[in-house]
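What follows is calculated from the coordinates using simple rules that are stated; it is not laboratory data. A quick note: this is a predicted structure, and the numbers were derived from the prediction, not measured. Note that each Cβ is placed from the backbone with ideal geometry, even for glycine, and that neighbours are counted across all protein chains shown.
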Amino acid sequence: MATRRRSSTTADPGPGRELTDELRVALPPRFEAVGEALASGSGSVVACEVLGGTLARDGVSLPEALDGLARTWELVRGEAPAYAAARALAAAWGEATLGYLHAVSCEDPLTGLASLAHLRTVVTDLRRGGPAHQTHALVVVATGAGPDSARLGEPLARAMADAQLGATVRGVFPGSETIGHIAPGRLVVLALRDELLLRRFDLLLRMIDAGDPPRPRAWIEGLPADDEAVAALLDELARV
């Protein structure tokens, strides 16, 4: 069997090694931590996940990021990147990119629901017009997926599931209510605190309970009376 030719700067691929100065200089920019993890055998998937988000926030394209990963893997291990590492980098890159779009847009680009930034603006405008904590409440709908499962799922597939959940919620709140997609698997309705709220909430519970497991949870949050508390509540609700 023919053996694969390795670069002259390739380190010993076995674990427990350290990068040489020559190899460190040859690595693509920002890939030093991945190279060190590959050389030592200590968690290259985690290093790739962290790097993917960093590269996206720095404006590096996904093809360029994957090219850097391939170059790093070839230099350190003399082979193509492992699927798990490439997937971790790409998924983290996608998460960071979607997070940026979500923060600057009035509409979540994949679900068509209001973004967290837009929801904040609507609540702020509402509070300027009167005692919003007396007239409105937040109806929160959250899927059963925890933080780990959120990272493992594909961003597009999760967004499609959230869009379907948003359609269900809109069927219960068909008026002018703002429905925000504030995090993967989490929607918030800015609803009128009127005589219909509890009946609509009960209908929403029955509709989501009729779906396939894991079934979403739903609850009502009151709006705090001051701006800082409102901001803190929205930040807390956006964390999954």
Extension reserve of the ASP194-GLU64 stretch, reckoned as 0.36 nm per residue once the Cα distance is removed:
41.5 nm
Packing-based order for 86-93, 42-49, using average beta carbon neighbours within 10 Å, highest first
86-93, 42-49
Taking other Cβ within 10 Å of each residue's Cβ, how do ILE179, ILE220, ILE208 sort, fewest first?
ILE220, ILE208, ILE179
Residue order, fewest to most beta carbons within 10 Å, for HIS181, HIS133
HIS133, HIS181
Subtract the Cα-Cα distance of GLU236 and GLU18 from 0.36 nm times their separation in residues, and report this length gain in nm to one decimal.
74.4 nm
Estimated FRET transfer efficiency when R0 is 41 angstrom, pair ASP226-ALA80 (beta carbons, to 0.05)
0.15
